[in-house]
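Here the structure is laid out as structure tokens; the discussion comes afterwards.
Where a number appears in this text, it was derived from the coordinates with a stated rule and is not lab data. It should be emphasised that the depicted structure is a prediction, and the values quoted were computed from it without experimental measurement. Don't worry about glycine lacking a Cβ; one is built from the backbone with ideal geometry, like all the others, and counts go over all protein chains shown.
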């Protein structure tokens, strides 16, 4: 029995910890990732991550051959038929609290800019959809591992369906953007 425990302990020590968002490192080469498909935007790729989180169903990166990975994002599972936003806000709070524990307290924004009298509870997700409400938390102070900022937000696909979007940007993001293909005017 002791021998099995010793082997288990050695195996745990020999396994490197996967640091970084969802197990992805700043500058990690694209060829080292499990790419599922190219994204819609230049330099974006949908990937399978080494360390998934149960709240997120899809993951992606922004990467260039010169800079490697410069941003990582997680797209949350769908919260359907939640026009009041109670379920999505509970999920948001759970992830925000975990991020606050890891990266210090983030800056919370809950800003409604719609017409007066329309900030009603049963239209909470609708206000997100119409961009009348921003529900977001950001971190940008003293982040480790080359991170420059993190944002967690509630997004909506309809008046009753929403999801979380978690974005990690590394400090090589500007260099990465400079290496992305530029959209020219030829053929217009």
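Residue by residue through region 85-130, note down the ones that are touching a residue at least 40 places away in the same chain (Cβ under 8 Å) and touching a helix residue (DSSP H, G or I) at 6+ places or on another chain (Cβ under 9 Å).
So the first thing to find is which residues in region 85-130 are touching a residue at least 40 places away in the same chain (Cβ under 8 Å), and the list is 85, 88-89, 91-92, 95-96, 99, 103, 106, 123-126, 128.
The answer is 85, 88, 89, 106, 124, 125, 128.
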Report yes if residue 63 is over 12 Å from the mean Cα position of the chain (by Cα) and within 21 Å of residue 172 (Cβ to Cβ), otherwise no. yes
Go through region 49-74 and report how many residues are farther than 18 Å from residue 94 by Cα, in contact with a helix residue (DSSP H, G or I) (Cβ under 8 Å, 6 or more places away or on another chain) and crowded, with 16+ Cβ neighbours inside 10 Å. 12
